[in-house]
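Heads up: the structure comes next, in structure tokens.
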Protein chains: 2
Amino acid sequence: MAGGEQKKGGGEQKKAGGGGKKKEVKKETGLGLSFTKDENFGEWYSEVVVNGEMIEYYDISGCYILRPWAMSIWENMQTFFDAEIKKMKVKNCYFPLFVSPGVLQKEKDHIEGFAPEVAWVTKSGESDLEVPIAIRPTSETVMYPYYSKWIRGHRDLPLKLNQWCNVVRWEFSNPTPFIRSREFLWQEGHTAFATKEEADTEVLQILELYRRIYEEFLAIPVTKGRKSELEKFAGGLYTTSVEAFIPNTGRGIQGATSHCLGQNFAKMFEINFENEKGEKSMVWQNSWAYSTRTIGVMVMVHGDNKGLVLPPKVAALQVIVIPVPYKDADTQGIFDACAATVAILSDAGICAEADLRENYSPGWKYSNWEMKGVPLRIEIGPRDLANNQVRAVRRDNGEKTDISRVFLVEQVRGMLEKIQQNLFDVAKQKRDACIEVVKTWDEFIKALGQKKLILAPWCNEEEVEKDVKARTKGEMGAAKSLCTPFEQPELPEGTKCFASGKPATKWTYWGRSY
Amino acid sequence: MAGGEQKKGGGEQKKAGGGGKKKEVKKETGLGLSFTKDENFGEWYSEVVVNGEMIEYYDISGCYILRPWAMSIWENMQTFFDAEIKKMKVKNCYFPLFVSPGVLQKEKDHIEGFAPEVAWVTKSGESDLEVPIAIRPTSETVMYPYYSKWIRGHRDLPLKLNQWCNVVRWEFSNPTPFIRSREFLWQEGHTAFATKEEADTEVLQILELYRRIYEEFLAIPVTKGRKSELEKFAGGLYTTSVEAFIPNTGRGIQGATSHCLGQNFAKMFEINFENEKGEKSMVWQNSWAYSTRTIGVMVMVHGDNKGLVLPPKVAALQVIVIPVPYKDADTQGIFDACAATVAILSDAGICAEADLRENYSPGWKYSNWEMKGVPLRIEIGPRDLANNQVRAVRRDNGEKTDISRVFLVEQVRGMLEKIQQNLFDVAKQKRDACIEVVKTWDEFIKALGQKKLILAPWCNEEEVEKDVKARTKGEMGAAKSLCTPFEQPELPEGTKCFASGKPATKWTYWGRSY
């Protein structure tokens, strides 16, 4: 499942998105980042996830601690997605972490895709196990023997299960928090249908939920499309994905994948049923997943040189209220106003807290909460108190607004909505500015050098993609197809493939990727 | 953490609660159980969790598939507990599955308790790892090196983290679904405080939540108390637990544990802070956990010879509505009334579904939903339709009531509450009937033979407990202390320990256990 996710690109990103080398960058004192997003993206990223208190580096390479600040974002997305799939009658379950080798190796293409990354348990206590046992890299082979058992007749269909769990892929490429880690959290949905039509429909329903997670929650524009044969899920029929783009590194990133597995696994695992006519049929299957990678994409897209920038819809804390006492002004009154402001916002369902710590200056607090990416800061000083107002400062653009306390809730709610929208708009603008339409190999190479997201007419042949990869190999990593977008620009009759010169069949996005 | 949970009793329960030997007992056709709860409890349990569609046996011994019917119960408890600990300012996080050997072995008593059960990853793909890596059996040693890093001053305290995750304990004793499995799901809370008083207080706050999970949600009476030195968590200061009892097997079962770790781990992992006076101090720590074992206890306590019996507060489905058509009666009208009933109940927040399958008889459906333990069945036949009523049948006691459709919601809600209460009352009555107060060794041995939950005056000496274990060893397993209940009956001056004859200090529960 999610074949490409957290999977491809061995060694490609040492300079672009790394972080494995630079451990424990958190500073003991002071605030601010030592690297800028534009000048040293990789170090900036490592630093911002640590200083923003999302991640702590762990003493096993490629494993990371998800701190509460990251976990709450994961939980917010989970609340949305879990409710949506339950509406679709998907049920949650939990299958074991361990897979026996015989089952793991049953689907040949599938295991070829995952074998090099599988972690094996061979000992318990001081004893060797009789047979080594694998840790799931994904759960197709864990689950499908039981689908074969549970599905007998057409009334057992559709079968729609999902699990929220951890998976392990022991990769040796440069690990990056959220983006590429040896253990990660995800949901994996596994469904079986009587007909291909039902499976096809669900693939797109789920993909739409993934689009919503990225666009509505994380405020990140994504492109829905289909992966090439070379990039599809190992063992599946076809893979759809939502693809994001990181302008700073000029790399595409697979956001989440929804696969139609066709009947390949059904054949291997003998998942048959008696249809309404009493004939033996084989099921059609899908699998789909999104992972904690989503959080990394969010950091990369929105973060800035002051730290994280969290979209209000996923932020654990939407508003931080900071008292700004001044000399002999009414300090107690200011503190009380802060507490009252939090109470009013909380009652209205807005997540707000006051930072009333007395041993830090207001300036230090501003920087601290900017580092953590809280969408809106409210300052209350003597003048605000006198005027029965508060000052609101947006994290996304620094804009300052005085708000009458009479209209507090409406105004804050409105500002949070604006921030959410603005984050998306700015991200889309930046992403769109990177899109380059090319028609020839020379244009392609030039655009690739300029870190563009390349849209090119393609003949859709696997050999040609292999050839593109071979011809673009280098320090920065090879280019590959990202997806063939469902929304296709017009392809004039006679358009040639940018790489092979053969007739083009579709417009496809190309670029380097995570 | 939860040292005794899912841990003790090697080989003790082959006859009492087993299930490892009997795999795949689910029948292909027909309903009903082949074993009775009274005559063959172990086989009955295995069969009921499989036929009730909670568990599927997995091809790796000691690992089980949690099917949606079990998972939804887990989620219902999770929703309650997660909200409660968030009120206590506990935050969720996620630490890695893997532990490096050096860290794992840092706390000596702790690792001695867990070492024999630790699963080791030694290979990835075809390559041997440089150093074998352990899979967490619990996360004290995973987390605390970072607590040491994050906690510097008194303002960093308290630190309260929790994670929902899987853990692995590779046991060789007879595995039992939910009750003893090699991988299980749980929450583990890990908190650090400046003072012992705060830690002590939290231990009991959490224990009260565990009591509520058992008593209010699972309708299972539990006893709050303190574990003996021999039974406490490996490496901790003291362990509190909620203890349940299975009358059929006469075994106690540790329901969940809340440990005060004292400063033992703080010492090993150097978790220090500067207190308000600027002096270096060491933190006081707690850890606490409950696991999917809860579901197994529920099945054991409430299940009967018709299958599962689910308490309404945790059941995914509270009401099943079944049409009972009859010859030339108005079948469509009956089906419509069923659908309308579901709609009305659902709107009122009651989880209801109709079983409108046409290829099964009402009788078959009754048995099917009884097997799955749905708390309330509603039948609608021609007479009900004519009288604008429905017939409600309680799963717990079979009681039938005709309900006017005018008062449907109120009546159903009332019945669900009664079922919840009745399940608890009956379970408590059965549990209480097993309690035997003993004062001498002879009485103790007799009561043990009668599968009693034994309350005895004890001198509270570790050597005496070891001696009791040695003297009661046998096919059924040794007796041990279950807990010293917080609610103590009066202990008259001069009362002697039942086992040693020395002065008794407390009343303590004893028995065989899971």
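The values are calculated or read from the model by the stated rules, or taken from the named source; none is laboratory data. Computed from a predicted structure; not experimentally measured. In this analysis, Cβ positions are derived from the backbone assuming ideal geometry, glycine residues included, and neighbour counts consider all displayed protein chains.
Brief remarks on what is shown
- Candidate set: the stretch A:111-144, residues that are in contact with an Asp or Glu (Cβ under 8 Å, 6 or more places away or on another chain) and surrounded by 21 or more Cβ atoms within 10 Å (Cβ to Cβ); chosen: the one nearest to the other protein chains (Cβ to nearest Cβ): A:124
- Residues in the stretch A:493-514 that are of a type in the set (A, V, I, L, M, F, W, C), more than 30 Å from residue A:174 (Cβ to Cβ) and in contact with a Ser or Thr (Cβ under 6 Å, 6 or more places away or on another chain): A:504 only.
- Scanning the stretch A:446-459 for residues that are over 13 Å from residue A:495 (Cα atoms) and surrounded by 14 or more Cβ atoms within 10 Å (Cβ to Cβ) returns A:446, A:447, A:448, A:451, A:452, A:453, A:454, A:455.
- All positions within the stretch A:319-337 that are free of Cβ contacts under 8 Å to residues at least 24 places away in the same chain and touching a strand residue (DSSP E or B) at 6+ places or on another chain (Cβ under 8 Å): A:331, A:335
- Residue pairs whose Cβ atoms lie under 9 Å apart, sitting 6 or more positions apart in sequence or on different chains, and linking a residue in the stretch B:338-362 that is within 14 Å of chain A (Cβ to nearest Cβ) and more than 11 Å from residue B:409 (Cβ to Cβ) to a partner that is in a helix (DSSP H, G or I) and among the aliphatic types (A, V, I, L, M), are B:351/B:345; B:353/B:342; B:356/B:339.
- Only listed residue being closer than 28 Å to residue A:42 by Cα and either within 22 Å of the chain's Cα centre (by Cα) or of a type outside the set (S, T, N, Q) (or both), chosen from A:499, A:479, A:504: A:479
- Of all residues in the stretch B:83-107 being without any contact (Cβ under 8 Å) to a residue 40 or more places away in the chain and more than 8 Å from chain A (Cβ to nearest Cβ), the one that is farthest from residue A:122 (Cα to Cα): B:87
- So residue A:120, is it among the aromatic types (Phe, Trp, Tyr) and not assigned by the TED database to the domain that holds residue A:186: yes
- Out of A:439, A:428, sole residue that is surrounded by fewer than 17 Cβ atoms within 10 Å (Cβ to Cβ), under 30 Å from residue A:496 (Cα atoms), in contact with a strand residue (DSSP E or B) (Cβ under 9 Å, 6 or more places away or on another chain) and in contact (Cβ under 8 Å) with a residue 40 or more places away in the chain: A:439
- Screening the stretch B:368-388 for residues that are among the charged types (D, E, K, R) and crowded, with 17+ Cβ neighbours inside 10 Å and picking the one that is nearest to the chain's Cα centre (by Cα) gives B:372.
- Within the stretch A:397-411, being of a type outside the set (D, E, K, R) and out of contact with any strand residue (DSSP E or B) (no Cβ under 6 Å at 6 or more places or on another chain) holds for A:397, A:398, A:406, A:407, A:408, A:409.
- Residue within the stretch B:172-190 that is surrounded by fewer than 22 Cβ atoms within 10 Å (Cβ to Cβ), more than 9 Å from chain A (Cβ to nearest Cβ) and touching a His at 6+ places or on another chain (Cβ under 9 Å) present: no
- Some residue of the stretch A:38-56 being under 22 Å from the mean Cα position of the chain (by Cα), more than 7 Å from every other protein chain (Cβ to nearest Cβ), in a strand (DSSP E or B) and closer than 25 Å to residue A:370 by Cα: yes
- Checking each residue in the stretch A:227-258 for being within 25 Å of residue A:42 (Cα to Cα), assigned to a loop (DSSP other than H, G, I, E, B) and touching a Phe, Trp or Tyr at 6+ places or on another chain (Cβ under 9 Å) picks out A:248, A:249.
- Enumeration of residues in the stretch B:419-456 that are within 21 Å of the chain's Cα centre (by Cα), farther than 17 Å from residue B:251 by Cα and of a type in the set (D, E, K, R): B:425
- Taking (1) part of a strand (DSSP E or B); (2) surrounded by fewer than 19 Cβ atoms within 10 Å (Cβ to Cβ); (3) in contact (Cβ under 8 Å) with a residue 24 or more places away in the chain in turn, residue A:391 satisfies each apart from (3).
- Among the residues making up the stretch A:191-201, those that are in contact (Cβ under 8 Å) with a residue 24 or more places away in the chain, surrounded by fewer than 24 Cβ atoms within 10 Å (Cβ to Cβ) and either under 21 Å from residue A:84 (Cβ atoms) or of a type outside the set (Lys, Arg) (or both) are A:193, A:194, A:195, A:198, A:199, A:200.
- Within the stretch B:266-303, if we keep just the residues that are in a strand (DSSP E or B) and free of Cβ contacts under 8 Å to residues at least 40 places away in the same chain, the residue that is surrounded by the most Cβ atoms within 10 Å (Cβ to Cβ) turns out to be B:282.
- Members of the stretch A:326-361 found to be closer than 23 Å to residue A:406 by Cβ and over 37 Å from the mean Cα position of the chain (by Cα), listed by number: A:329, A:330, A:332, A:333, A:334, A:335, A:336, A:337
- Tally of residues being in contact with an Asp or Glu (Cβ under 6 Å, 6 or more places away or on another chain) and surrounded by fewer than 20 Cβ atoms within 10 Å (Cβ to Cβ) across the stretch B:210-233: 2
- Matching residues, the stretch B:151-162, being facing chain A (nearest Cβ under 9 Å), surrounded by fewer than 20 Cβ atoms within 10 Å (Cβ to Cβ) and modelled with pLDDT of 95 or more: B:152
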